[in-house]
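Peer 1: First the structure, then my questions, so here it is.
The values are calculated or read from the model by the stated rules, or taken from the named source; none is laboratory data. Keep in mind it's a predicted model, so treat the numbers as computed, not measured. Note that we place each Cβ from the backbone using ideal geometry, even for glycine, and neighbour counts take in every protein chain shown.
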Amino acid sequence: MAVELKTPKPGIEAASLTDVGRQRSNNEDSFIYWEPDSDEDFRRKGRLAVIADGMGGYEGGQEASRLAVETVRSVYDNGFAGDPQETLIEAFEAAHQNIQRFAQDHPQFYGMGTTCTALAIVDRQLSFAHVGDSRLYLIRAETITRLTRDHSYVGRLVESGIVRSEDAESHPQRHILTAALGSGRDVTPNVPEHPFPLEDGDTLLLCTDGLWGLVGDPDLARVVQTNPPAEACLKLVAMALERGGPDNITLLLLRVSA
């Protein structure tokens, strides 16, 4: 099921797609692409994109991902204090607390949580924050680079050298998270040391594990680089479905243009 984005302000081509997959009856993924309406606010706040993959049962996961995306957008818009990176960190803390508060008020959703990856682009400078195993990739020319680090059990094994990175995507325990919004007392998002400068033609790919778990980096890069964003979304989701599509599949593509 495609979700059309409003036409972005000049400088970005954007497209998105979400699909429930072949084995799920509900979609626990949420996402948003957002820009301020006024030109003055746009110059200050730039663009925001957020993706989240919920967990915690039929409705719990849906509520957790929805709360994460809505809270991050609201805090970024209403609580922006001049620094996109710091605002994203504050937004993640607020989302973490909102999800925990919701679970306390609705005991049937005990254990609900969500991954969350959010990016902001202001004057072609990229900031981001990340918790869980949804991913942010940068595709530049023929090279694909993962900018986020999976907060997962297998991710820790890769970092410690116990599991090879090329074996991680098929590891049977790859879906066990070590951090999520709504889970645990505190949340410490993965953030870059400095804003990252973007160039003409760069494409940012936000996606849940329903995509990257089935479509490897070489295929992601090839499809993104050889198709307009909307067509790339369709082809990548089709590839994931052809390979079984056991999970929800969601992606959002942003291509930097002149």
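Peer 1: Among the candidates THR71, THR87, which residue alone is assigned to a helix (DSSP H, G or I), among the polar types (S, T, N, Q), over 20 Å from PRO192 (Cα atoms) and in contact (Cβ under 8 Å) with a residue 24 or more places away in the chain? Explain how you work it out, then say what you get.
Peer 2: Values: THR87 fails: over 20 Å from PRO192 (Cα atoms).
Criteria check complete, one pass: THR71.
Peer 1: Check region 13-28 and report whether any residue there is over 22 Å from ASN227 (Cα atoms) and assigned to a strand (DSSP E or B).
Peer 2: We begin by selecting, within region 13-28, every residue over 22 Å from ASN227 (Cα atoms); these are 20-28.
Restricting the remaining residues to those that are assigned to a strand (DSSP E or B) gives none.
Checked against the condition, which is being over 22 Å from ASN227 (Cα atoms) and assigned to a strand (DSSP E or B), region 13-28 yields no hits at all.
Peer 1: Considering only region 1-23, state which residues are over 14 Å from LEU254 (Cβ atoms), among the charged types (D, E, K, R) and at pLDDT below 85. Don't jump to the end; show me each part of the working.
Peer 2: Of all residues in region 1-23, those over 14 Å from LEU254 (Cβ atoms) come to 1-4, 18-23.
Imposing the further condition that a residue be among the charged types (D, E, K, R) reduces the set to 4, 19, 22.
Answer for region 1-23, where residues must be over 14 Å from LEU254 (Cβ atoms), among the charged types (D, E, K, R) and at pLDDT below 85: just GLU4.
Peer 1: Provide a single number: the residues in region 210-227 that are touching a helix residue (DSSP H, G or I) at 6+ places or on another chain (Cβ under 6 Å) and not in a loop (DSSP other than H, G, I, E, B).
Peer 2: Of the residues in region 210-227, 3 are touching a helix residue (DSSP H, G or I) at 6+ places or on another chain (Cβ under 6 Å) and not in a loop (DSSP other than H, G, I, E, B).
Peer 1: Next up: Kindly indicate whether any position in region 57-66 is farther than 21 Å from GLY11 by Cα, free of Cβ contacts under 8 Å to residues at least 12 places away in the same chain and surrounded by fewer than 18 Cβ atoms within 10 Å (Cβ to Cβ). Don't jump to the end; show me each part of the working.
Peer 2: Residues of region 57-66 that are farther than 21 Å from GLY11 by Cα, as a first pass: 57-66.
Okay, now just the ones that are also free of Cβ contacts under 8 Å to residues at least 12 places away in the same chain, so none.
No, region 57-66 contains no residue that is farther than 21 Å from GLY11 by Cα, free of Cβ contacts under 8 Å to residues at least 12 places away in the same chain and surrounded by fewer than 18 Cβ atoms within 10 Å (Cβ to Cβ).
Peer 1: Yes or no: region 144-161 includes at least one residue that is aromatic (Phe, Trp, Tyr) and at pLDDT 85 or above.
Peer 2: Step one: list which residues in region 144-161 are aromatic (Phe, Trp, Tyr), which gives 153.
Checking which are at pLDDT 85 or above leaves us with none.
No - not one qualifying residue is present in region 144-161.
Peer 1: Taking the stated definitions as given, is ASP77 modelled with pLDDT of 95 or more and either surrounded by fewer than 20 Cβ atoms within 10 Å (Cβ to Cβ) or touching a helix residue (DSSP H, G or I) at 6+ places or on another chain (Cβ under 6 Å) (or both)? Break it down into steps so the answer makes sense when it comes.
Peer 2: Numbers: modelled with pLDDT of 95 or more: yes; either surrounded by fewer than 20 Cβ atoms within 10 Å (Cβ to Cβ) or touching a helix residue (DSSP H, G or I) at 6+ places or on another chain (Cβ under 6 Å) (or both): yes.
The answer is yes for ASP77.
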